[in-house]
Amino acid sequence: MSIDLHLFDGGHCTHLERMAIRSGRFCKAKFPAMFALIIHPRLGPILYDTAYSNRFFKETRAFPKSIYAKMTPVFINDQDTAISKLKNFGLSPGDIKYILISHFHADHIGALKDFPKAHFICYGEAYESIKNKKGLSALIKGFLPGLLPTDFDQRVFYIDENKNKSVKPPLFLAKHFSCHSLFGDDSFFAVKLPGHAPGQMGLYIETQQGPFFLIADSCWMSESYKKKCPPSRLSRLINHHQKSYYQTLSSLHEIYKGPDKIQIIPSHCGQKFLEHVKKTHIEPSQLNGVRH
């Protein structure tokens with residue numbers, strides 16, 4: 001089975017690099033909000049996250065949600081959005097049947113409303129952690145309720161963790177993480193990545209470009225898993241469970257150092273994004289100046 005993968009940046013935010021990695025510089029850095037387009041031979045185009053949309057600015061105008069925008073300045077224009085990037089790829093919103101949601105922070109679900117026909121797939125734990133939360137309780141979770149479609153509950157499917165157990169993930173992956181076959185496919189696995197957010201879902205895909213492991217916000221820069229270097233201790237303010245975060249980072253480091261040649265891609269690492277873009281010959285106009 002031949003699966004194709006393409007990465008796009010759907011806007012970016014800026015933050016102190018030292019916050020993202022403890023060995024980082026005390027300077028402002030740019031972090032792209034990545035989403036992935038997966039071309040599946042049987043199911044067609046599938047998205048993994050959607051990155052930002054201009055709705056972020058509307059949702060963060062008023063206090064207390066305005067704190068989010070002030071702490072993490074966001075930059076996006078119409079050309080950066082998922083629907084614009086997909087249009088350049090010859091796809092319309094109605095072509096997307098499934099959107100896989102890694103977790104419910106705004107930089108991952110910002111454009112869900114742009115895909116009115118899509119079904120959503122996530123771990124139940126992820127959605128239950130933010131369901132019905134509003135105001136300050138939502139903000140603490142990094143969640144902006146207005147980004148969810150009003151019919152989200154009717155369109156969401158939870159990953160059945162007891163289903164398709166006969167479809168075995170690669171041993172190096174199963175050694176470290178709980179993995180679940182998506183669509184009964186032996187080259188397409190949801191991976192539970194504890195620490196940053198409840199029920200955070202990574203994605204392991206064997207593609208025609210080789211195997212990829214999309215790790216969402218398990219770390220923010222590739223240097224973190226390569227050198228097992230965690231973020232600033234202040235990151236505990238936004239991470240769900242710090243001990244689990246460190247355990248996940250350690251497991252990713254072991255996978256990186258192992259014999260399997262896997263492309264491990266955090267959702268906000270500009271370096272890995274540019275490397276992938278270069279390898280897959282996406283037009284330079286789609287880079288939107290992302291540097292890291």
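The values are calculated or read from the model by the stated rules, or taken from the named source; none is laboratory data. On a predicted model such as this, the values are computed, not experimentally measured, just so you know. Just the protein is used for accessible areas: all its heavy atoms, side chains included, with ligands, DNA and RNA removed. Shrake-Rupley method; radii C 1.70, N 1.55, O 1.52, S 1.80 Å.
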**Request:** Pull up the DSSP beta bridges for region 1-128 and report the antiparallel fraction as a percent, rounded to 5.
**Result:** 75 percent
**Fill in**
Computed curve, region 1-116, Cα-only Debye sum without solvent term, log₁₀ I(q)/I(0) at 0.09, 0.19 Å⁻¹, is -0.27, -0.99
**Message:** Heavy atoms of the protein only, probe of 1.4 Å, neighbouring chains included. What is the accessible area of residue 204 in Å², nearest 10?
**Reply:** 10 Å²
**Request:** Find the accessible area per residue for the chain; the probe is 1.4 Å, ligands and nucleic acids are left out, and the unit is Å².
**Result:** 44 Å²
**Accessible carbon and sulfur surface of region 230-279 relative to its total accessible area, %, 1.4 Å** = 53 percent
**CD proxy at 222 nm, helix term only [per DSSP H run n ≥ 4: -39500 (n - 2.57); per residue of the chain; nearest 500]** = -6500 deg cm²/dmol
**Message:** Of all beta bridges DSSP finds with both residues in the chain, what is the antiparallel percent, to the nearest 5?
**Reply:** 70 percent
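How high is the relative contact order of the chain, in percent, counting Cα pairs under 8 Å that sit 6 or more residues apart? Kindly include the intermediate steps, with their values, before the conclusion.
Working: 606 pairs, mean separation 55.6, N = 292.
Dividing the mean separation by the residue count of the chain yields 19 percent.
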**Message:** Out of the total accessible area of region 27-120 (probe 1.4 Å, heavy atoms of protein only), what percent is carbon and sulfur?
**Reply:** 56 percent
**Item:** J(HN,Hα) series, region 37-50, from Karplus relation 6.51 cos²θ - 1.76 cosθ + 1.60, nearest Hz, glycine and proline x
**Value:** 9, 10, 9, 9, x, 9, 9, x, x, 10, 9, 10, 6, 9
